[in-house]
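The values are calculated or read from the model by the stated rules, or taken from the named source; none is laboratory data. Predicted model, so just to flag it, every value in this text is computed and none were measured. Glycine gets a Cβ as well: all are built from the backbone with ideal geometry, and neighbour counts include every protein chain shown.
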Amino acid sequence: MDAETLAFLGDHRAQRLAPLTDRLVATIEASNPGYQLRRVVPSEDLRRSCHDNIDRVLELLGQEPTGSPTHDPAYDAARETGRRRAEQGLPLDDVLRSFRMGGRLIWDDLVDHAESALTSVELREVGGRLWEVVDETSAQVAAAYHAHERAVVRADEQQRAELWEGLLSGRAQEASFAFEAARILDLPVSGDVLVVIGGRVDPLQAGSVVAPHASAWVRRTGGVVGLVALREDSPREALERLARVAAAAGGLGVSAVVHGLAGVDAGFRQASLALRTLGRDGGLATFDSRLPEALLMSAPDVAARLVSVWLGPLLALPRAELVPLVDTLEAWVATGGSATSTAERVHCHRNTVLNRLRRVAELTGRDVLAGAPPVELDLALRALRTGG
C-alpha cells in the first residue's frame, strides 16, 4: 500500500473505532441468536471484545502479512476472545458469526468514508487485505477456543484420575471425599457395590452390559477397574451380567459385596486377588469362590512351601508322567477321595487311579490313600495351578 492509503487507514482507525464498536455491539445483541438466548457474555465483556478486536483489525490493515500469526501479539485480542467465550460456554459458531458481522461492518464503513480518499484500485486492495485479516483473526479465535476446551478436558481427566486413585486407596472413608466421588461418578455414596478388574475390558461395552445397574469404569496401568452399584440385595443377577463381560474380556476378577464407596479399597484388593487366581484361564473369578487361592497368593512363601513339600518330587518328573499324576490328584481331592469318581473324571480305570496314587505316595513319602485327602494337598494343588 502507498503512503496515502496508509495515512487514510491510520486516520480512519482513530476516528471510527468508537462508532464501529457501538454499531457492532448493537448488531450482535440484535442479530446473533447465541448472544440473545444464552446471555452468558456480560455487556461490558462484549463491548471490550468488540473494541479491542476492531482496533486490532484496523491496525493490521496497514501492515504487511508477517507469516505465521500464532505468536503475533496483534492477534492477542482474538485469542483472548476465543478463550473467554469457551470458558463462558458460548458455541464457537456464534462467536465466529460475530467476527463475520464485524468484518462486514468495517468494510461497509470503509466504503462509506473512502470514496473521496482512495481510488477504486486502492479500495479493492484494502478490501482484499481486510478479509485476509478477518479470516486469520477468526482462525486465531477458533484455535484459542479449542485450546481451552482441550485444557478443560485434560483437567477433568486429571481430576477423575486423582479421584479414582483416592477411591482405590481408601480416601472414600472421608465423608466429604465420598460424596464428591459419588457426584462425579454418578454413583450412590452408600449401598452395595462390586469392584471389578479385567485386563481387556471395553468400558463402554461393560457399562452397557451391566445396566441397569449403575456403574463407573476407568482404565489404569494394571487393567480396567469398574464399580457396579447393585440394585438388589443379592449380587446374583449382576454377576450373571459380569460373566458376559468376562467372556468378552478374557477374564474378570470380582470382589465380594462391599458396602458403599468407603469399602472400595478393600474390594479393589479382593478383585485383584481374584483376577490373579485365574492364571491363564479365562472366565469370571469371584473373590468368595477363590478364597483358598486368594489366601495362598497373599502368602506366596507359604504357597511355595506347600508345593515343595507336597508336590516337589513330582515336579522333577517328565511332563508326560507329571500331568496324569497331577490331574488324578486334583480329581481325587475334588471327589473327596473316591477312586471310582476320580476314574470317571480322568477317564481311566479305577485300578489305574489307585496305581497313580501309590506312585505319588512312593515319590513324596506321604500315603495319600490313608484317609480323606489332606487339606494341605488341596492347597498345594491350588497353589500349583494358580502359580503356574
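For this structure, a couple of remarks:
- Being in a strand (DSSP E or B) and either in the same structural domain as Arg236 (by TED's automatic domain parsing) or of a type in the set (A, V, I, L, M) (or both) holds for only one residue in Ala320, Ala370, Ala285, and it is Ala285.
- Check on Leu185, surrounded by 13 or more Cβ atoms within 10 Å (Cβ to Cβ), assigned by TED's automatic domain parsing to the domain that holds Asp108, in contact with a helix residue (DSSP H, G or I) (Cβ under 8 Å, 6 or more places away or on another chain) and of a type outside the set (Lys, Arg): no
- Residue check, Arg200 free of Cβ contacts under 8 Å to residues at least 60 places away in the same chain and in contact with a Gly (Cβ under 6 Å, 6 or more places away or on another chain): yes
- Only listed residue being over 18 Å from Val134 (Cβ atoms) and within 42 Å of the chain's Cα centre (by Cα), chosen from Val40, Val57, Val95: Val40
- Selected residue [closer than 18 Å to Ala78 by Cα, assigned by TED's automatic domain parsing to the domain that holds Gly10, at pLDDT below 90 and in contact with a helix residue (DSSP H, G or I) (Cβ under 8 Å, 6 or more places away or on another chain)] from Gln36, Gln63: Gln63
- Annotation note: of Ala361, Ala380, Ala372, the sole residue that is among the aliphatic types (A, V, I, L, M), touching a residue at least 12 places away in the same chain (Cβ under 8 Å), surrounded by fewer than 16 Cβ atoms within 10 Å (Cβ to Cβ) and on the phi < 0 side of the Ramachandran plot is Ala372.
- Close pairs from region 252-273: first within 21 Å of Ser176 (Cβ to Cβ), partner modelled with pLDDT under 95 and in a loop (DSSP other than H, G, I, E, B), Cβ under 6 Å, at least 6 apart: Gly260/Ser190; Leu261/Val189; Asp265/Gly170
- One residue alone among Asp22, Asp76 is among the charged types (D, E, K, R), in the same structural domain as Arg129 (by TED's automatic domain parsing) and farther than 19 Å from Val133 by Cα, and that residue is Asp22.
- Out of Arg23, Arg100, one residue alone is touching a Ser or Thr at 6+ places or on another chain (Cβ under 9 Å), among the charged types (D, E, K, R), within 24 Å of Val126 (Cα to Cα) and at pLDDT 90 or above. It is Arg100.
- The requirement of being basic (Lys, Arg), part of a helix (DSSP H, G or I) and over 42 Å from the mean Cα position of the chain (by Cα) is fulfilled somewhere in region 333-347, by at least one residue.
- Residue among Ser49, Ser43 that alone is more than 23 Å from Glu136 (Cα to Cα), out of contact with any Leu (no Cβ under 9 Å at 6 or more places or on another chain) and among the hydroxyl-bearing types (Ser, Thr, Tyr): Ser43
- Leu291 vs. criteria assigned to a helix (DSSP H, G or I), without any contact (Cβ under 8 Å) to a residue 12 or more places away in the chain and assigned by TED's automatic domain parsing to the domain that holds Val196: yes
- Filtering region 201-229 to residues that are over 15 Å from Leu284 (Cβ atoms), among the hydrophobic types (A, V, I, L, M, F, W, C) and surrounded by fewer than 20 Cβ atoms within 10 Å (Cβ to Cβ) leaves Leu204, Ala211, Ala214, Val218.
- Note on region 155-169: residues that are more than 12 Å from the chain's Cα centre (by Cα) and either in contact (Cβ under 8 Å) with a residue 40 or more places away in the chain or not in a helix (DSSP H, G or I) (or both) total 3.
- Residue list for region 194-223, restricted to those being among the aliphatic types (A, V, I, L, M) and within 15 Å of Leu278 (Cβ to Cβ): Val196, Ile197, Val201
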